[in-house]
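To start, the structure under review is shown below, and the notes come after it.
The values are calculated or read from the model by the stated rules, or taken from the named source; none is laboratory data. Nothing here was measured: the structure is a model prediction, and the numbers come from that model. No Cβ is skipped: glycine too gets one built from the backbone with ideal geometry, and neighbour counts run over all protein chains shown. Just the protein is used for accessible areas: all its heavy atoms, side chains included, with ligands, DNA and RNA removed. Shrake-Rupley method; radii C 1.70, N 1.55, O 1.52, S 1.80 Å.
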Amino acid sequence: MALLVSLPGGNQAMAWILLLLMSAACLQAGNSAEPNRERTYGVNQPARLSGVQGGSIEIPFSFYFPWELAEDPQMRILWRWKHFHGEFIYNSSSGFIHEHFKNRLILNWTQPQTSGVLRILDLKEKDQTVYFCRIHLNTREGMKKFQSIPGTQLTITHAISTTMQSPSIITSAVTTAGLEDTEGQRNPSLVNLGATVGVVVATAVLITPVYVLMVFLWWKPRPAD
């Protein structure tokens, strides 16, 4: 009403036109501020992952879409690497696996699930790159194809090598160390035993001739009376 009064000449028709135009503009701005989520689609993947060389890694993914699936959805999961238009490394429908990943890719997903996991085994240094999940599905509006735009950056780290000695080597080392530790310090019990044996041997050496002489004299024939 303030707009109607402010216009000169009381031109109410022009005021109503301006009011309608402003109302329409406000409605359009309100609609643009809240995008229509029912028509969105895309693929969700983690931005970054890290794996250890020789180990394994799992790349989770999920996707969403607004279309109604056809009676035969023919859903397919494909994976690319290196860049958005890079080579395909996996195709769920044909079972294709890139030569570089032979026997190293496992897709944990079944139709019509909208989420799953790609597992990469025996990670290699060359596996360090970006991976993109691509979705193909048949809808009542035809075949639709879309994929993740940023993808997942995979970083490969080197395993920390821990040198483990063999138990036999460790035992030998401990035994050797024990011998080296006691080399300069003899065991008192061993010293006493050695001394005792020495005394016994010396005594036997001295006493034996005496006994032999006594036996000889005892058995020596006596002269007749």
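Checked against (1) under 19 Å from G42 (Cβ atoms); (2) assigned to a loop (DSSP other than H, G, I, E, B); (3) open to solvent by 30 Å² or more (accessible area, probe 1.4 Å), G86 passes all but condition (3). What do you reckon, is M75 modelled with pLDDT of 95 or more, on the phi < 0 side of the Ramachandran plot and surrounded by 10 or more Cβ atoms within 10 Å (Cβ to Cβ)? So M75 fits the description; yes. Residues in segment 156-168 that are at pLDDT below 95 and not in a loop (DSSP other than H, G, I, E, B): 2 in all. Contact map, segment 115-130: first residue in contact (Cβ under 8 Å) with a residue 40 or more places away in the chain and surrounded by 12 or more Cβ atoms within 10 Å (Cβ to Cβ), second residue in a strand (DSSP E or B) and small (G, A, S), Cβ cut-off under 6 Å, separation 6 or more or different chains; pairs are S115/S62; L123/G51.
Of the residues contained in segment 20-41, none is found to be at pLDDT 65 or above, within 30 Å of A159 (Cα to Cα) and under 38 Å from the mean Cα position of the chain (by Cα).
Can you find a residue that is within 28 Å of E141 (Cα to Cα), without any contact (Cβ under 8 Å) to a residue 60 or more places away in the chain and surrounded by 14 or more Cβ atoms within 10 Å (Cβ to Cβ) anywhere in segment 93-106? No, every residue in segment 93-106 fails to be within 28 Å of E141 (Cα to Cα), without any contact (Cβ under 8 Å) to a residue 60 or more places away in the chain and surrounded by 14 or more Cβ atoms within 10 Å (Cβ to Cβ). Restricting the search to strands (runs of 3 or more DSSP E) fully inside segment 93-155 and requiring at least 2 residues that are of a type in the set (V, I, T) and under 20 Å from P66 (Cα atoms) gives 130-139.
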